[in-house]
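Undergrad: Pasting a structure here, questions to come.
The values are calculated or read from the model by the stated rules, or taken from the named source; none is laboratory data. Worth saying up front: this structure is predicted, and the values here are computed from it rather than measured. Backbone-built Cβ (ideal geometry, glycine too); neighbour counts: all protein chains shown. Accessible surface areas use protein heavy atoms only, side chains included; no ligands, DNA or RNA. Shrake-Rupley method; radii C 1.70, N 1.55, O 1.52, S 1.80 Å.
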Amino acid sequence: MKITEYLTIGTLLSALVLAPSAQASKLYRYKNDQGNTVVDDHVPPEHVKKGYEILSRKGVVIGVVPRELTPEEQKRADAEEWQAARAKKEEQRLREWDQSLMLRYSTIEDIEAARERALMDLRIRVSILKGNKRSLKQQIENYQTQAAEMERLGHQVDDQRLRAIEDLQSEIAVTERAIVDREKEIDAVNASYTADVDRFTMLLDLVEFRRQQSVKKEDKYGDLGS
């Protein structure tokens, strides 16, 4: 037999000897049905749901697989996760709101001025809509007067006037809905700016509180230094 053949056989034997130890580089610790702690190179499927620990060859815990939760526990865990996600989202919303307020305004008066500009624009729109409504109603009254005069003279009111009255009434209905929408928008904008004022006031109070705390700390260290 050639030397190369001896080397090949030796390499294969070494691989076979080392393979089990390489595969068992990790151990697992779990509880069996009797409640006894077992350390093995695998966890039987029936014990996986109870949870187990992953150990190094030196017995050091390098990982933990928790036990499977009961339906009730899973329900509570999902609820807690949802609450945490909601709290995190709210925290992010407040942080972005605060940053926006501090970038846009310097004083409460700035917010009030912005409120008035926004409300003025909406009030002008409402005023225009109400003016249009009055105009439409006046046109209907004119057509109705003409129709009444024709009937008084014994003439039949033509379909064109009747259709015109119906069209005008439809326009009035659309205009009235637009007025309601704009008035709701006014309420929403007003409420939004009120919230901005309240939040900005809180931020100013917080800044003042921190300033006072900083002054107290400086005075304290100043007294200690003297």
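Undergrad: Can you find even one residue in region 174-184 that is of a type in the set (A, V, I, L, M), in a helix (DSSP H, G or I) and either touching a strand residue (DSSP E or B) at 6+ places or on another chain (Cβ under 9 Å) or touching a residue at least 12 places away in the same chain (Cβ under 8 Å) (or both)?
TA: Of all residues in region 174-184, those of a type in the set (A, V, I, L, M) come to 174, 178-180.
This time we only want the ones that are in a helix (DSSP H, G or I), so: 174, 178-180.
Among the residues that remain, those that are also either touching a strand residue (DSSP E or B) at 6+ places or on another chain (Cβ under 9 Å) or touching a residue at least 12 places away in the same chain (Cβ under 8 Å) (or both) are: 178-179.
Yes, region 174-184 contains a residue that is of a type in the set (A, V, I, L, M), in a helix (DSSP H, G or I) and either touching a strand residue (DSSP E or B) at 6+ places or on another chain (Cβ under 9 Å) or touching a residue at least 12 places away in the same chain (Cβ under 8 Å) (or both).
Undergrad: Scanning region 10-33 for residues that are at pLDDT 90 or above and either out of contact with any Ser or Thr (no Cβ under 9 Å at 6 or more places or on another chain) or of a type in the set (D, E) (or both), which turns out farthest from R57 (Cα to Cα)?
TA: N32
Undergrad: Right, something else. So R125 ticks every box in (1) in a loop (DSSP other than H, G, I, E, B); (2) modelled with pLDDT of 95 or more but one. Which box is left unticked?
TA: (1)
Undergrad: Answer yes if at least one residue in region 90-99 is surrounded by 12 or more Cβ atoms within 10 Å (Cβ to Cβ) and touching a residue at least 60 places away in the same chain (Cβ under 8 Å), and no otherwise. Can you show your working first?
TA: Here is the first cut: in region 90-99, the residues surrounded by 12 or more Cβ atoms within 10 Å (Cβ to Cβ) are 97-98.
With the extra rule that they be touching a residue at least 60 places away in the same chain (Cβ under 8 Å), the set shrinks to 97-98.
Looking for residues that are surrounded by 12 or more Cβ atoms within 10 Å (Cβ to Cβ) and touching a residue at least 60 places away in the same chain (Cβ under 8 Å), one finds at least one in region 90-99, hence yes.
Undergrad: Can you say whether S106 is over 30 Å from D167 (Cβ atoms), outside any helix (DSSP H, G or I) and not acidic (D, E), as far as the supplied structure shows?
TA: Working: over 30 Å from D167 (Cβ atoms): yes; outside any helix (DSSP H, G or I): yes; not acidic (D, E): yes.
Against the criterion (over 30 Å from D167 (Cβ atoms), outside any helix (DSSP H, G or I) and not acidic (D, E)), S106 qualifies.
Undergrad: Regarding region 107-119, can at least one residue be identified that is touching a residue at least 60 places away in the same chain (Cβ under 8 Å) and farther than 25 Å from E208 by Cβ? Before the answer, list the steps.
TA: Within region 107-119, the subset touching a residue at least 60 places away in the same chain (Cβ under 8 Å) is 108, 111-112, 114-115, 118-119.
In the following step, the residues that additionally are farther than 25 Å from E208 by Cβ were identified as 118-119.
Yes - at least one qualifying residue is present in region 107-119.
Undergrad: Quick one: in region 165-195, of everything that is among the polar types (S, T, N, Q) and over 30 Å from the mean Cα position of the chain (by Cα), which residue is nearest to L119 (Cα to Cα)?
TA: In the first step, residues of region 165-195 are kept if they are among the polar types (S, T, N, Q); the result is 169-170, 175, 190, 192, 194.
After this cut, where a residue has to be over 30 Å from the mean Cα position of the chain (by Cα) as well, the list is 169-170, 175.
Details: Q169: 29, S170: 28, T175: 19 Å.
Looking at residues that are among the polar types (S, T, N, Q) and over 30 Å from the mean Cα position of the chain (by Cα), I get T175.
Undergrad: Sort out which residues of region 41-64 are outside any loop (DSSP other than H, G, I, E, B) and either small (G, A, S) or open to solvent by 50 Å² or more (accessible area, probe 1.4 Å) (or both), and write them in order of number.
TA: P45, E46, V48, E53, S56, V61, I62, G63, V64 - these are the residues of region 41-64 that are outside any loop (DSSP other than H, G, I, E, B) and either small (G, A, S) or open to solvent by 50 Å² or more (accessible area, probe 1.4 Å) (or both).
Undergrad: State which residue pairs qualify: first residue within 29 Å of Y28 (Cβ to Cβ) and inside region 67-88, second residue open to solvent by 100 Å² or more (accessible area, probe 1.4 Å) in any location, beta carbons under 6 Å apart, and separation of 6 or more residues or different chains.
TA: Sorted first by the residue in region 67-88, then by its partner, the pairs are E68/K49.
Undergrad: Turning to a different aspect of this structure: What about I140, is it surrounded by 12 or more Cβ atoms within 10 Å (Cβ to Cβ), in contact with a helix residue (DSSP H, G or I) (Cβ under 9 Å, 6 or more places away or on another chain), more than 30 Å from M102 (Cβ to Cβ) and touching a residue at least 12 places away in the same chain (Cβ under 8 Å)? Break it down into steps so the answer makes sense when it comes.
TA: Details: surrounded by 12 or more Cβ atoms within 10 Å (Cβ to Cβ): yes; in contact with a helix residue (DSSP H, G or I) (Cβ under 9 Å, 6 or more places away or on another chain): yes; more than 30 Å from M102 (Cβ to Cβ): yes; touching a residue at least 12 places away in the same chain (Cβ under 8 Å): yes.
Yes; evaluated as a whole, the condition is true for this residue.
Undergrad: Being surrounded by 15 or more Cβ atoms within 10 Å (Cβ to Cβ) and among the hydrophobic types (A, V, I, L, M, F, W, C) is true for just one of L162, L204, L119, L153. Which residue is that? Step through it out loud before you land on a result.
TA: Values: L162 fails: surrounded by 15 or more Cβ atoms within 10 Å (Cβ to Cβ); L204 fails: surrounded by 15 or more Cβ atoms within 10 Å (Cβ to Cβ); L153 fails: surrounded by 15 or more Cβ atoms within 10 Å (Cβ to Cβ).
Going through L162, L204, L119, L153 in turn, the sole match is L119.
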